[in-house]
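Enquirer: Pasting in a structure now, in structure tokens, and then I'll have a few things to ask.
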Amino acid sequence: MAPTPLGANSAAAVIARMLKARGVDRVFGLCGGHIMPIWMALDAAGIRIVDVRDERAAVYMAHAHGELSGRPGVALVTAGPGVTNALTGIANAHVARAPVLVLSGVPPRPQLYRGALQDLDHVGMVRGVTRLARTVHEPAQVVQSLDEAWSLARGDLGGEPGPVFLDFPTDTLRAEVPGPMQLPEYLQPGPRAAVGVDAAALARATDLIWQARRPLVIGGRGARGARAELDAFLAATQALFLDTGECKGVLPDDHPALVNAMRGSVMGDADLVITLGRKLDFQLAYGSPAVFGAARWLRIADNAAELRDNRRGEVELLADPRQALQALVAAGQGRTPAVDAAWRERLRTGHAERSARLAASMAGAPDGADGRMHPNRLLAEVQRAIGEDAVVVADGGDFLAFARVGMRCGTYLDPGPLGCIGIGTSFGIGAALACPERRVAVLTGDGAFGFNAMEIDTAVRHGVPLLVVVANNGAWQIEVHDQHDTHGKVVGTRLQHADHAAMARAFGAHGERVERGADLAAALERALAAVATGRPALLDVLVSSEPKSSDAKTGLAWVPDLQPLAAWDEAERQWRAADAGVQT
């Protein structure tokens, strides 16, 4: 007997209504029988379904869409292998603290635990990488569970944002949600609940900042939505600023406080380090005194996880970063910063000079002995073509490192601290759909591109105006460098120079292979013309395998024992040895 049509108060229909009320205009997914009720209810509610080729890509797209839209991105994946495929994307969102709601299904309740098709313990698998993981068996609990999941995904009231997971037996999705359980406070979305600023902590933080001689702000997730407040804070305090991959682009490269090109010097010189919604992970040497010296710490974040990892702050402000920055500026009114002007000017001048040298060297980077283009030459041409306010998605190993250092952009996304390469095309699709008024460019190595290359088909079918540039060196190049230098031979890390442009054309995208630097500018012009018509475009650019990125030179690939980079590892060893000698 075929199932009866879904009713207006079926669990699936209620889920669709709740999502629409929360501003969800699209869901990324791959269809399957266990989620069919939700799938059809979303369509009936006018929510666009972006159907993908792999569930991992669905979560990646939801991740990028959530980061850029300001509300949780939504992925819908079917049971069993649908969830196992999605798991990498969920784990990446977990480590990146990205707001994502993942919905799935399980077999009908009478068939559970009997060997039904695709019956797995999804919740057990994803619990460790989600803020909430729950199977909702009872139709009366659907509304409350979805509301709770949404709130946890966006990090309400001091919670750490991140992925949440709900699945439902298929018969539950078809069942009616009792009218009395559809309470208005759950159905209608409320604003994100923010944490206010504690007055006593604010006073202590103000004293720390205005007494500091060499204050440094390190931006993270918390800086993204606080551009104006951050700008005002830096002007008032005369602090210097380092961005990271979590907030690259929040300030322009010529901002008077930005000193990215002097990263090593300023991290060692600062006497006060202020983190703004940023964990002290491997990218910041875990905050170790071996790198940051005797600096004092002020931690600002809207969740406790970004306040207490690796280094506790002398003051810790648990507050919305925008409100915290505004309050600090107000509290410091009338006070004069104690900043060492010569120190500040030295670093600013150094940043400007190094940035200018980098730009010039990128534009004039010579071809390798193999006759192929330098990756920096490729990036310089892309920069000229897309401007400095684009959304840039960087992906890969060696090529990502070149792009992270060399590209200027308004918004930046990359694989994040999990190192989850392969996100490029999927992140690009999610970003382009979230920001249709902006230019979106994916800059990816050929190895990373291969993980989700099929999503070019998704971009074509959904008319996503996306530029994808593949730097094709026919290798997992950062590992090739490491194997050659460390082990004296290359094993299992070379690829072929596959024609990715031909694949893109087969799917209906604009695709060109570029083999010479002289041909690149015209190819970019043609590709962007195609993008302007709503058609995705891919350039497969052959680049030299000879140049080494900063990551390849620093020891990141060979994974030192104490710190991620060789220089930091040696500094850590010396610091620990000196400290042990003092204690002895």
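Enquirer: Across the range 296-325, what is the total count of residues that are in contact (Cβ under 8 Å) with a residue 40 or more places away in the chain and crowded, with 19+ Cβ neighbours inside 10 Å?
Expert: 15
Enquirer: With under 23 Å from the mean Cα position of the chain (by Cα) and farther than 22 Å from Arg56 by Cα as the only criterion, which of Leu202, Leu157, Leu173 stands out?
Expert: Going through Leu202, Leu157, Leu173 in turn, just one is under 23 Å from the mean Cα position of the chain (by Cα) and farther than 22 Å from Arg56 by Cα: Leu157.
Enquirer: Does Ala201 satisfy the condition of being open to solvent by less than 60 Å² (accessible area, probe 1.4 Å) and assigned to a loop (DSSP other than H, G, I, E, B)?
Expert: When the stated conditions are applied, Ala201 does not pass them.
Enquirer: Any residue at all in the range 522-537 that's within 28 Å of the chain's Cα centre (by Cα), on the phi > 0 side of the Ramachandran plot, open to solvent by 60 Å² or more (accessible area, probe 1.4 Å) and β-branched (Val, Ile, Thr)?
Expert: The answer is no, given that none of the residues of the range 522-537 is within 28 Å of the chain's Cα centre (by Cα), on the phi > 0 side of the Ramachandran plot, open to solvent by 60 Å² or more (accessible area, probe 1.4 Å) and β-branched (Val, Ile, Thr).
Enquirer: Among the residues in the range 277-290, are any acidic (Asp, Glu), surrounded by 20 or more Cβ atoms within 10 Å (Cβ to Cβ) and within 21 Å of the chain's Cα centre (by Cα)?
Expert: No, the range 277-290 contains no residue that is acidic (Asp, Glu), surrounded by 20 or more Cβ atoms within 10 Å (Cβ to Cβ) and within 21 Å of the chain's Cα centre (by Cα).
Enquirer: Continuing with the same structure: Might you check whether a residue that is touching a strand residue (DSSP E or B) at 6+ places or on another chain (Cβ under 8 Å), modelled with pLDDT of 95 or more and buried (at least 16 other Cβ atoms within 10 Å of the Cβ) occurs anywhere in the range 351-361?
Expert: Checked against the condition, which is being touching a strand residue (DSSP E or B) at 6+ places or on another chain (Cβ under 8 Å), modelled with pLDDT of 95 or more and buried (at least 16 other Cβ atoms within 10 Å of the Cβ), the range 351-361 yields at least one hit.
Enquirer: Still on this structure, I have one more. Pick out the one residue from Asp457, Asp482, Asp446 that is crowded, with 16+ Cβ neighbours inside 10 Å, touching a residue at least 12 places away in the same chain (Cβ under 8 Å), more than 25 Å from Arg526 (Cβ to Cβ) and touching a helix residue (DSSP H, G or I) at 6+ places or on another chain (Cβ under 8 Å).
Expert: Going through Asp457, Asp482, Asp446 in turn, just one is crowded, with 16+ Cβ neighbours inside 10 Å, touching a residue at least 12 places away in the same chain (Cβ under 8 Å), more than 25 Å from Arg526 (Cβ to Cβ) and touching a helix residue (DSSP H, G or I) at 6+ places or on another chain (Cβ under 8 Å): Asp482.
Enquirer: Scan the range 98-126 residue by residue and report those that are within 30 Å of Leu280 (Cβ to Cβ) and surrounded by fewer than 24 Cβ atoms within 10 Å (Cβ to Cβ).
Expert: Hit for the range 98-126 is Met125, nothing else.
Enquirer: Is there any pair linking a residue in the range 200-212 that is in contact (Cβ under 8 Å) with a residue 24 or more places away in the chain and among the polar types (S, T, N, Q) to one that is open to solvent by 10 Å² or more (accessible area, probe 1.4 Å) and part of a loop (DSSP other than H, G, I, E, B), with Cβ under 7 Å and at least six apart or on different chains, and which?
Expert: Once the first residue is in contact (Cβ under 8 Å) with a residue 24 or more places away in the chain and among the polar types (S, T, N, Q) and sits in the range 200-212, its partners that are open to solvent by 10 Å² or more (accessible area, probe 1.4 Å) and part of a loop (DSSP other than H, G, I, E, B) give Gln211/Ala338.
Enquirer: For the range 497-507, check the following and say yes or no: at least one residue is among the aliphatic types (A, V, I, L, M), at pLDDT below 95 and either on the phi < 0 side of the Ramachandran plot or part of a loop (DSSP other than H, G, I, E, B) (or both).
Expert: no
Enquirer: Please go through the range 472-514 and pick out each residue that is among the acidic types (Asp, Glu) and within 30 Å of Val559 (Cα to Cα).
Expert: Glu479, Asp482, Asp485
Enquirer: Of the residues that sit in the range 170-195 and are out of contact with any strand residue (DSSP E or B) (no Cβ under 6 Å at 6 or more places or on another chain) and under 23 Å from Asp320 (Cβ atoms), which one is surrounded by the fewest Cβ atoms within 10 Å (Cβ to Cβ)?
Expert: Pro191
The values are calculated or read from the model by the stated rules, or taken from the named source; none is laboratory data. Predicted model, so just to flag it, every value in this text is computed and none were measured. Ideal geometry is used to build each Cβ from the backbone, glycine not excepted, and the neighbour counts take in all protein chains shown. What goes into the accessible areas is simple: the full protein's heavy atoms, side chains included, and nothing from ligands, DNA or RNA. Shrake-Rupley method; radii C 1.70, N 1.55, O 1.52, S 1.80 Å.
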